[in-house]
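Read the figures in this text as sums done on the coordinates, not as results from a lab. Predicted model, so just to flag it, every value in this text is computed and none were measured. Note that we place each Cβ from the backbone using ideal geometry, even for glycine, and neighbour counts take in every protein chain shown.
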Amino acid sequence: MHKRVLGSSGLYRISQALISSASLEIKLANVMNTLPALLPMRRGAIVVLNADGELDTAARFGFEHASSGARYLPAKAAIDRIVAKGLPLAFPDACKSDLFQDELQSLLSGTGQVTFIGVPMKVNQETLGTLWIDRANDGGTLEKEVRFLSMVGNLVARAIRVDRHQSRDDQPIADEEGALKKNPGDNELPETDRQRPAKIDWIVGESPALKQVVESVKVVARTNSAVLLRGESGTGKESFARAIHDLSPRRKRPFVKLNCAALSAGVLESELFGHEKGAFTGAISQRAGRFELADGGTLLLDEIGEISPAFQAKLLRVLQEGELERVGGTKTLKVDVRLICATNKDLETAVATGEFRADLYYRINVVPLVLPPLRERNGDIPRLAKVFLDRFNRENNRDLAFTPAALDTLSKCNFPGNVRELENCVRRTATLARSGMIGPSDFSCQNDRCFSSMLWKSGDHPIGGHSVNGLAMSKGWSVESPVGLGYLSGPGDLSGTSNLTDRELLVSAMEKAGWVQAKAARILGLTPRQVGYALRRHGIQVKKI
C-alpha cells in the first residue's frame, strides 16, 4: 500500500515547490508532480478561476492526452460545486454520486471503485479555484487526506494571489491607460460589475426602514467611497458591510474585518499594519497586517469609536495617503483598500469632547448609513425568527416550528439587543422546547425568566412608556425609542428624584451609570445622541473614571 506523507514534511515539500523563482505555471506543475509521492492518487488537477470568472486547468497529473487543453475539465460538476460553496467534497465511491454520471467511463478506466477528493483553494475566504485527485478506493477513511489537501490548496491559492499582485504591479502605465480607454462608452464600471448580484440573501426583511437602507447599500456599493455604518448594537452592521463588498467591483478581492474594541493600541497597530521579525518580544516572523491582506478589497473596522486618540493619528495617515509601514519596519507599502467603519457610539459627542479626532471623523464619515433598530422594522420579527429557527433545525437535526401565537408574542417584544437578541431568544427557546411546536408559553419572558426584559420593564410600567420611574421627561427631549424604561430596580434606580431639575436628573443618571453615556441613555430612556446633546446644552463636563 502507498505510504502517506501527510504531515509537516509533506507540506514542506509542497512549499518548496511554490517558493522557487520559476513561473507560476511551472510551480503548479511541480506541485502536481510532487503530490503522488505524498499520497495515493491516480489523477489530479489544479483548476483556477481566471479573470473572466471561468475555470481553467492550470496543472494536471495522470492524463494521457495533454493536448486536451486548459478548458478540459474532468469532474466538472463536482468542481463547480466546490467553487460555488467553497467547501471540500469527498466520495469514497464516486460512481454512486450524480455529479459523475456523465463521465463514468472516463472515471472508471477499467478500475474498480474510484475515490474522489476535491478541495477549494482559498485566501481570506475568497475561492480562487480547486485542487482535486482521484484514486482506487482502498476502503480507508478520507479525513486526513481532505485535511492535507485543504492545506495544500491554501498554499497554492496564496502563490496564485502573489503572482497576480506582481503581474498587476508590473503592468506598464501605457497598458493600464489603454485598458481604461478600451471601452469609453462603458459607464466607468467594468463589465463584470454590471453583472453583479442584485440580491442580498443574508439580510432578511421587508419593512420600509430596512428596504431604504438596502437600496442605499446597492447605490453606495458601486463606488469606492468610505462608509460609516451607524446603529445600535445587534442591528447587523457586519452583514451590511459584507453586502457592500459583495455588490461592489471589489467582490472578488478579500473582505477583511477587525473588531477594534477588543485590542489594545499596540496589538491593534500590529494587527492593522503588520510587523517585521523582531519588532517586539514574540515577533518571531514577519507578518502582514489587515490593510495588506485587504489590498484590492474591503476592510471593515468594527467599533471604530473605541480606538485611542494616539492611534487615530496613525490610522489617519493610511486613509489619506494609502501608505503604511509595518511595526519595526522602514519600507513604505502602498495599499488600495475600500474602508467601511462601524460604530454604535455617538461620534459627534466624542469629537466635541476631544475623544475622537475631527479630521478622522470627516475621513470615515463620507457616506453614513444608519441601520434601523428592530423595533422600527415592522413585520420583520416573524420573518427573522423563522430564519433563525430554520438555521437551528439544520444545525441540530430538529424539526421545530412556531405557532402563530408564538410569532405574535415575539412581535410584541422590543428586543433592545436587536437582531442579535432575537436570534439568542429563538435559539434558547428552541433548545428548551419540549414539543415540535413552539408556543407562547415556551418563551422565557412568559415565565419571568427573561433577564433582558427585566432591564426594560418594572412593576406596572409597560415597555415603551415615556417616563423613567414615573418621572415626566423634559419637553425638550423627544424620546425616539419606544423603549422608555431604564434600570429600574438595580443600581441605576432614580426613584425619589421627582423634584430634580432636568440638569440634576441628567447628572444623577450619569453618576449612576459611571459617566458612561450609553448606560445613562438607557436609564433615561433616551438615545446616546440625545444624552450627548443634553450634556452639551447644560454645559456638563463628562468625567473620566
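Couple of notes before you dig in:
- Sequence-distant residues sharing a close amide H with Leu369 (under 5 Å, placed H): Leu228, Leu229, Arg230
- Nearest-0.05 FRET efficiency for Asn378 and Glu54, computed from C-beta distance (R0 41 Å): 0.40
- Evaluating 6.51 cos²θ - 1.76 cosθ + 1.60 at θ = phi - 60° for every residue in segment 147-156, the Karplus couplings come out as 5, 5, 5, 5, 5, 5, x, 5, 5, 5 Hz, glycine and proline recorded as x.
- Distances between placed amide hydrogens fall under 5 Å for Lys257 paired with Leu300, all partners being 5 or more residues away or on another chain.
- In units of the rule-of-thumb radius 2.2 N^0.38 Å, segment 375-454 shows an alpha carbon radius of gyration of 1.00.
- For the pair Thr223 and Lys386, label points projected 7 Å from Cα toward Cβ lie 3.7 nm apart.
- Spin-label proximity, Arg503 to segment 529-545 - amide N less than 20 Å from point 7 Å beyond Cα toward beta carbon: 530-544
- For segment 360-375, 3J(HN,Hα) computed residue by residue from phi via the Karplus equation (6.51, -1.76, 1.60; θ = phi - 60°) reads 6, 4, 5, 5, 8, 9, 6, 10, x, 10, 9, 8, x, x, 4, 5 Hz, glycine and proline entered as x.
- Integer Hz, Karplus 6.51/-1.76/1.60 couplings in order for segment 287-296, x for Gly and Pro: 9, 7, x, 5, 4, 5, 5, 8, 3, x
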